[in-house]
Every structure is written in C-alpha cells, then in structure tokens.
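The values are calculated or read from the model by the stated rules, or taken from the named source; none is laboratory data. Quantities reported herein were computed from a predicted structural model and do not represent experimental measurements. Accessible surface areas use protein heavy atoms only, side chains included; no ligands, DNA or RNA. Shrake-Rupley method; radii C 1.70, N 1.55, O 1.52, S 1.80 Å.
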Amino acid sequence: MDRYFWNISGPQGDGVACVVCGAGFLPGKITSVPVGRNPADESQVFACKEPCALALAEDAERMAQEMRAAAGLDGADVPGADDDPVFCVDGHFGSLLRDLRTLAGTEALLTTSDDITTIRFLLSLTARHAETAMMRARLVLARTKAEDAKDAKDAKDATEGGDD
C-alpha cells in the first residue's frame, strides 16, 4: 500500500524535492528514494535517502507497532513470528476461539435487542470479531499442514492403543 503525501509543494509533488524537508534534488545532487504518492495525480514522490527516508521508515514502524497494540496483537500474535505457538491458550487458535465465543454471544444479544444504538454497537462488534476470526483461521490453516494433522492423529492413535 502506498503512502500518500498531502499538502506538498509543486516541486515536491513533481518528485524533484523532498516531501519531508523540501530540499531540491536536482541542484543539490541529493540521493533520493521513493516514499509514496502524490494524491493529485498518483505520481511518485521522493525523500532524501538520509535522514528523511529513514525518519519516515522509523515513524511507519512506530505507527505499525501502535496499531498492533491497539488491535490487541501483542508480540505472540504478530503474524510472521516464527516461534509463536498456534495451539495454546495464548496462541492463534485460542484467540480464534475467543473471537468465535464473542460472535456467539453477540448473536444471542442481537436476537433480544430492539434498541438501534445497541444493535449498531453489536453489529460493529460482530464485524470486527468476524474479520479477526477469519484472519486467525487463515493463519492457523497456514501454520498447520496436512502432515501436522496426520502426525497428531498418529500420536493420538498410539496413545489410545493402536490404529482403527
């Protein structure tokens, strides 16, 4: 997803000046890197490689961490972490089960409520948890393979006294 830069000057929008500090790239022979788009015409905009582009990258990372924290995704729930557990209470499967319980509870409340404000709140809660449940279900599916399921079945059969 491209970042859009608003309220930029003509040279910044044309890609010949830094969108952060305004330094001109042509006369100053400054190294630039693409950092986003001008919303007016979808053209690329640029920033000085150092320090401006670095500052933008650090700011984007900080914002991403804040958004993960606001969404309730702590270090164990960040997609892409290699060592995060899938099938534990605090893992993705446990979080998926909590989302599904919330959806079931919301469905029960929706059937009994007739207040529009409450219904709107419950529907927003449903939308958020349904989307989160979908993402977590896909993550669990991606992190578990058919071989893992076969290994689990073999282990279960071995503890129960053999194959059927």
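Carbon and sulfur together cover what percent of the accessible area of segment 1-70 at a 1.4 Å probe radius?
Taking all protein chains in place, segment 1-70 shows 56 percent carbon and sulfur surface.
Under a 1.4 angstrom probe, counting protein chains only, how are R101, R37 ranked by accessible area, largest first?
R101, R37
Would you list L97, L139 from the most to the least accessible area, probe 1.4 Å?
Output order, biggest surface exposure first: L97, L139.
Got a sec? What order do F121, F25, F93 fall in by accessible area at 1.4 Å, biggest, i.e. largest, first?
Highest to lowest solvent-accessible surface, that is F121, F93, F25.
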